[in-house]
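First the structure, in the form of structure tokens, and then the observations on it.
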């Protein structure tokens, strides 16, 4: 009889005070974990996948680890390096010496894509530098019309990615306008994740972009 009463008392305590859950880091659901953690295979972890990690990190075995060589701008790289497509790469002597304000001796300037960090439409320093060269190229070559298209990697819903691609395209268009490109000569659209080809972070960083089409 006493055993039955004790068992009933413990059960009621668990019901009212939630004091009988699994011992951390074991878990039944996310509520058993600390803030910012997730219950994966009955264990509390930092992440389920890369979507749960900050920009510049990826999910490895439930832990958010830095992506080696990842950068948001040139300030994240060491001496003699620059940030290209979110990767720190060596600055070539040719890149450092050439005048990037207009066409070079190797041929006319081109409107190359610019890239973005994960889940972001912010223009970092390297992207703004690239857009400065693109604005100069548009004026130098007298390009009458340019269509700006935003893209995303495949993570997230289709609706969210269409909206994110649109924000990226419009952020680029607004910055080009601030650099003197006429607003009437610019148009924008979003492809979202439709053309994404990456299967992991090394490929996804190339999906997060804005492209330019001369019309």
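The values are calculated or read from the model by the stated rules, or taken from the named source; none is laboratory data. Note that the structure is predicted; figures quoted are calculated from it, not measured. Methodologically, a virtual Cβ is constructed for each residue, glycine included, from the backbone with ideal geometry; neighbour enumeration extends over all protein chains shown.
Of the residues 144, 163, which single one is over 21 Å from residue 71 (Cα atoms) and surrounded by fewer than 15 Cβ atoms within 10 Å (Cβ to Cβ)? Steps first, answer last, please.
Numbers: 163 fails: surrounded by fewer than 15 Cβ atoms within 10 Å (Cβ to Cβ).
Within the list 144, 163, the selection yields 144.
Taking the condition loosely packed, with under 14 Cβ neighbours inside 10 Å, within 21 Å of residue 135 (Cβ to Cβ) and without any contact (Cβ under 8 Å) to a residue 24 or more places away in the chain, does residue 215 pass? Steps first, answer last, please.
Values: loosely packed, with under 14 Cβ neighbours inside 10 Å: yes; within 21 Å of residue 135 (Cβ to Cβ): yes; without any contact (Cβ under 8 Å) to a residue 24 or more places away in the chain: no.
Considered against the rule, which asks whether it is loosely packed, with under 14 Cβ neighbours inside 10 Å, within 21 Å of residue 135 (Cβ to Cβ) and without any contact (Cβ under 8 Å) to a residue 24 or more places away in the chain, residue 215 comes out as no.
How many residues does region 86-105 contain that are surrounded by 12 or more Cβ atoms within 10 Å (Cβ to Cβ), assigned to a loop (DSSP other than H, G, I, E, B) and modelled with pLDDT under 70?
6
In region 118-146, which residues are in a loop (DSSP other than H, G, I, E, B) and within 24 Å of the chain's Cα centre (by Cα)? Can you show your working first?
Keep residues of region 118-146 that are in a loop (DSSP other than H, G, I, E, B), which gives 118-124, 141-145.
Correct list: 118, 119, 120, 121, 122, 123, 124.
Checking the condition modelled with pLDDT under 95, out of contact with any helix residue (DSSP H, G or I) (no Cβ under 8 Å at 6 or more places or on another chain) and surrounded by fewer than 18 Cβ atoms within 10 Å (Cβ to Cβ), which residue from 136, 177, 182 passes? Give the steps one after another, and end with the answer.
Details: 136 fails: surrounded by fewer than 18 Cβ atoms within 10 Å (Cβ to Cβ); 177 fails: out of contact with any helix residue (DSSP H, G or I) (no Cβ under 8 Å at 6 or more places or on another chain).
Exactly one of 136, 177, 182 is modelled with pLDDT under 95, out of contact with any helix residue (DSSP H, G or I) (no Cβ under 8 Å at 6 or more places or on another chain) and surrounded by fewer than 18 Cβ atoms within 10 Å (Cβ to Cβ), namely 182.
Determine whether residue 192 is within 25 Å of residue 59 (Cα to Cα) and either at pLDDT 95 or above or surrounded by fewer than 20 Cβ atoms within 10 Å (Cβ to Cβ) (or both).
Working: within 25 Å of residue 59 (Cα to Cα): yes; either at pLDDT 95 or above or surrounded by fewer than 20 Cβ atoms within 10 Å (Cβ to Cβ) (or both): no.
No.
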